[in-house]
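See structure below.
The values are calculated or read from the model by the stated rules, or taken from the named source; none is laboratory data. Computed from a predicted structure; not experimentally measured. A quick note on method: Cβ atoms are made from the backbone with ideal geometry, for glycine too, and the neighbour counts reach across all protein chains shown.
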Amino acid sequence: MQSAKAQESPVKPVADDHITAIIPNAKRTINERAAAVYGATLNQFIVQSALDRAGQILEREETMRLSERDSRTFLAALDSPPDPSQKLIEVLKAHSNSSNADCSAFIFSISRTPRGSAQTRRR
């Protein structure tokens, strides 16, 4: 049975890592004021602000937005892909000869597939 003292002490989460930043006093003061308005500690505010900004940057850099016209063009290209170029076939053959023999069946199939015979599945 645990003592009353052991039951009362809250479990504190352990931080996974630490980041140290050296900033001018004026910038720290601005962050402290913003954290107070936000209702958070300075550390909580800085971590949340960094996460918010990181999410914005990643969304901007990793998301492709297409117009309706460009979306239709893209989907049409997926439905009817062009035949592989001779250069692509040569590169795949060179790759399969140097690193992975399993590519040879794929290379053979794309070089022998008649145009427009590919099946497209939509979900």
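Scanning region 28-41 finds no residues that are among the aliphatic types (A, V, I, L, M) and modelled with pLDDT under 90. Exactly one of these conditions fails for GLU59: (1) part of a helix (DSSP H, G or I); (2) surrounded by 10 or more Cβ atoms within 10 Å (Cβ to Cβ). Give me its number. The one condition GLU59 does not meet is (2).
Could we say that LEU51 is in contact with a Phe, Trp or Tyr (Cβ under 9 Å, 6 or more places away or on another chain) and exposed (fewer than 12 other Cβ atoms within 10 Å of the Cβ) here? When the stated conditions are applied, LEU51 does not pass them.
Tallying residues that are exposed (fewer than 11 other Cβ atoms within 10 Å of the Cβ), part of a helix (DSSP H, G or I) and of a type in the set (Gly, Ala, Ser) within region 15-48 yields 1.
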